[in-house]
Amino acid sequence: MELIHRLGGPLIRRQEIPGFQDNSDKMRQCHLPTLIIHGTNDRIIPLADSEALLDLCCSADKNLVKIVGAGHNNLLMVGPNDYYRNLNVFIGRIKESGKRVP
């Protein structure tokens, strides 16, 4: 809801949408392995939002990868090696653990 307002849309209150859950609500309930990849120059969603979500995440296996110099839509163009390396490490860790992820 804050993102909509930050981008110039109307300020919508939680009470106006029955059953609404934002990312913060969901991360407080998340116990799954979690990987967040975010550009340090993202002008749409600030890096601080991803850092806050990581802090709220209840998973013991969680990581935030910061792609230096990337914005919101160019992560793969700016940091393809970092992006894919971290994604492969994350997937490999899940596969090695033998845990099933829904």
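Residues whose amide H comes within less than 5 Å of that of GLY39, counting only those at least five positions distant or on another chain, are ILE67 (H built at 1.01 Å from N in the peptide plane). Remark: the range 47-52, residue by residue, has Karplus-estimated 3J(HN,Hα) of 4, 4, 5, 5, 4, 5 Hz, where x stands for each Gly or Pro and the curve is 6.51 cos²θ - 1.76 cosθ + 1.60 at θ = phi - 60°. Summarising the amide proton neighbourhood of THR34: residues at separation of 5 or more, or on other chains, whose placed amide H is nearer than 5 Å comprise ASP61, LYS62, ASN63.
As a check on your grasp of the helix formula, calculate [θ] at 222 nm for the chain: sum -39500 (n - 2.57) over DSSP H runs of n ≥ 4, divide by the residue count, round to the nearest 500.
Numbers: 5 runs with 43 residues, N = 102.
Counting only the DSSP helices, I get -11500 deg cm²/dmol.
Taking 0.36 nm per residue of sequence separation and removing the Cα-Cα distance, the TYR84/ASP25 pair yields an extension gain of 18.4 nm. Take the chain and mark each of the trypsin sites (Lys or Arg not before Pro) that is in a DSSP loop with at most 13 other Cβ atoms within 10 Å; the longest unmarked stretch, sites excluded, is 44-98. How many nm is it between the label spots at MET77 and ILE17, if each spot is 7 Å from the Cα in line with the beta carbon? A separation of 2.9 nm, rounded to one decimal place. Neighbour counts of other Cβ atoms within 10 Å put CYS57, CYS30 in the fewest-to-most order CYS30, CYS57.
None of the figures in this text is laboratory data; all of them are computed from the coordinates on show. Just so we're clear, the structure is a prediction, and the values are computed from it rather than from any experiment. Glycine gets a Cβ as well: all are built from the backbone with ideal geometry, and neighbour counts include every protein chain shown.
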